[in-house]
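The block underneath contains the structure these notes are about, expressed in structure tokens.
Where a number appears in this text, it was derived from the coordinates with a stated rule and is not lab data. Predicted model, so just to flag it, every value in this text is computed and none were measured. Heads up, the Cβs are rebuilt from the backbone with ideal geometry, glycines too, and the neighbour counts pull from every protein chain shown.
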Amino acid sequence: AQRVTQPEKLLSVFKGAPVELKCNYSYSGSPELFWYVQYSRQRLQLLLRHISRESIKGFTADLNKGETSFHLKKPFAQEEDSAMYYCALRGNTGNQFYFGTGTSLTVIP
Amino acid sequence: DVKVTQSSRYLVKRTGEKVFLECVQDMDHENMFWYRQDPGLGLRLIYFSYDVKMKEKGDIPEGYSVSREKKERFSLILESASTNQTSMYLCASQQGAQPQHFGDGTRLSIL
């Protein structure tokens, strides 16, 4: 079974502090992992995917197969980063996506 | 740019009514999805479709059905609405190796 775990429902950090949103997965195969973000009153949108290995809005995420993790990190949080973040995994069939329960990030000014 | 359009942002219906939520995408994507989004539960897949007239149950299909008569349109149907179906409903489309693209969502209230 595929499963995505985001252990933190709520996370608050001060502006300028580092932030890490945790994501662990359970998967029998080669996973494809994503982070999606939903800003207030906006649609859910892709933030980054592990195969791209790029930094978006200062965020990075590295797939750690040994720890089955895909944590999202940013060295210096900004107020505009306040949003709901979802980790997602793409399943074996290629057209099934499994989402975590989400982490609500608040960046305190 | 992919556009996924959900017909209503807000909808209020009564218990027992038959409710239709419509979703249209403009990128000729094969795959379309319906999720419900609830606080603390994240996104849960209700149904998805990988082609016209083809559908697969997701994790929580009970109380719902879907229709995909045309490639661009994927409808979610609540056969007899109940208060526990009050939620935010998200539609997404996707093709090949690409990630999903989401609509704005429909906030449905069942009274």
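List of remarks:
- Between the residues A:PRO31, A:TYR98, A:SER69, the greatest Cα displacement towards the positive end of the dipole of chain A, with unit charges on the Cβ of Lys, Arg, Asp and Glu, is found for A:TYR98.
- Cα coordinate range in the protein assembly as shown, projected on the principal axes (Å, largest first): 49, 37, 32
- For the residue pairs A:LYS22/B:LYS13; B:LYS18/B:LYS53; B:LYS13/B:LYS55; A:LYS22/B:LYS18; B:LYS13/B:LYS70; A:LYS65/B:LYS70, the C-alpha atoms sit more than 28 angstrom apart in A:LYS22/B:LYS13; A:LYS22/B:LYS18; A:LYS65/B:LYS70.
- GNM flexibility winner over chain B from B:LEU41, B:LEU11, B:LEU78 (Cα, springs under 10 Å): B:LEU41
- Each listed q (0.12, 0.21 Å⁻¹) maps to a log10 I(q)/I(0) for the stretch B:34-100 from the Debye sum over equal C-alpha point scatterers, namely -0.31, -0.92.
- Its Cα centre serving as origin, the protein assembly as shown has a Cβ charge dipole (Lys and Arg +1, Asp and Glu -1) of approximately 240 debye.
- Of A:LEU89, A:PHE59, A:VAL19, farthest towards positive along the dipole that unit charges on Lys, Arg, Asp, Glu beta carbons give the stretch A:1-92: A:LEU89
- Under 19 Å from A:LYS57, Cα to Cα: aspartates and glutamates that are on another chain or at least 8 residues apart: A:GLU20, A:GLU79, A:GLU80, A:ASP81
- Nearest-0.05 FRET efficiency for A:GLU8 and B:ILE60, computed from C-beta distance (R0 30 Å): 0.80
- Of the trypsin sites (Lys or Arg not before Pro) found in the stretch B:51-111, the ones in coil according to DSSP and having at most 13 other Cβ atoms within 10 Å of their Cβ are B:LYS53.
- Cα shape, the stretch B:1-70, gyration tensor, a/c 1.5 rule: rounded
- P(r) of chain A over all Cα-Cα pairs, binned every 5 Å from zero, in whole percent: 2, 13, 24, 26, 19, 10, 4, 2, 0
- Unit charges on C-beta of K, R, D, E only; dipole of the stretch A:33-94, Debye: 220
- Simple Cβ-charge dipole of the stretch B:17-111, Lys/Arg +1 and Asp/Glu -1, about Cα centre, in debye nearest 20: 100
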